[in-house]
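The values are calculated or read from the model by the stated rules, or taken from the named source; none is laboratory data. Because the structure is a prediction, the values reported are computed rather than measured. All Cβ positions, even for glycine, are placed from backbone atoms using ideal geometry, and neighbour counts span all protein chains on display.
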Amino acid sequence: MSDADSSPSAADSAMGTDSDHRSVDDPILEIERVVKRFGGITAVDDASFGIERGSITGLIGPNGAGKSTTFNCITGVYEPDEGSVVFDGTDITGRTPNRVATAGLVRTFQIAREFPEMTVLENMMLAPKNQLGESLWRSVAPRTRGAVIEEEKRLRERAWEVLEFFEIDHLAGEYAGTLSGGQRKLLELARALLTEPELLLLDEPMAGVNPSLEKKLLEHIHELQEQGYTFLLVEHDMDVIMNHTEHVIVMHQGSVLAEGAPEAVKSNEEVIEAYLGGEV
């Protein structure tokens, strides 16, 4: 990571001031005319949409519609060729993924990315950002060692609280690689929560999850929404989209084809045609 990535930019420093002057009615995320090309292929083509603060929004579309690439442009995995990504009033276009996450925008992946040879609790303890113990000299220096130990104690207590919230505290001592697909999804969401995000982008959160764990995961998402968190999720399960989101954005061939309330999107003829005439 370069020095530029690790040091706060002027935009970073101003983030608190910008947020203080924003209304709760302002979108927490604004995608403006984003374009991403790979050689001669345009994966995202002039895409624009906004995410309402405190909402659960679905991002859907046929395979190859540009959903994952859009996620990657938002979270810094890719830098858009054109357009902008504005999070909570601050332009984060082109920031590296770690700086995007530090700003409060965190994503999960379709295939959970835990550390399989570490325990569930150890995975959790790695999640909080800017830990004092990440600095070797603070960990061993007599004057700072006590602060490192005290912080680790607080983080461990918080990790246990989050594990209990997701009802996987009984798995704390298990190696993450032994968990089921659904349990890994719960662990990944629990880890994301420890980074203190404002917006969570969930990529196929229900993929590979059995019905009972899917129900539990959705209950937790709604509970977190009630606490003020915002969600944007890519999901192919239309029952989840229709019953658990307030707003739906439909992408097709890299562009936003339609957006609106779930029932309105479901009856949109262009959307139905984009899904090859299948029922949405």
Inset, instruction - Test P116 against the stated conditions and say whether it is over 13 Å from the mean Cα position of the chain (by Cα) and at pLDDT below 95. - result: yes
Legend entry - Among residues of region 252-270, those that are among the acidic types (D, E) and in contact (Cβ under 8 Å) with a residue 24 or more places away in the chain, counted: 1
Inset, instruction - Kindly list the number of the only condition in (1) closer than 25 Å to L105 by Cα; (2) at pLDDT 90 or above; (3) not hydroxyl-bearing (S, T, Y) that fails for E270. - result: (1)
Legend entry - Some residue of region 170-181 being more than 21 Å from F87 (Cβ to Cβ) and modelled with pLDDT under 85: yes
Inset, instruction - Please report, ordered by residue number, the strands (runs of 3 or more DSSP E) entirely within region 158-277 with at least 3 residues that are surrounded by fewer than 20 Cβ atoms within 10 Å (Cβ to Cβ). - result: 255-260
Inset, instruction - Can you give me the number of residues within region 180-228 that are touching a Pro at 6+ places or on another chain (Cβ under 9 Å) and under 24 Å from E117 (Cβ atoms)? - result: 5
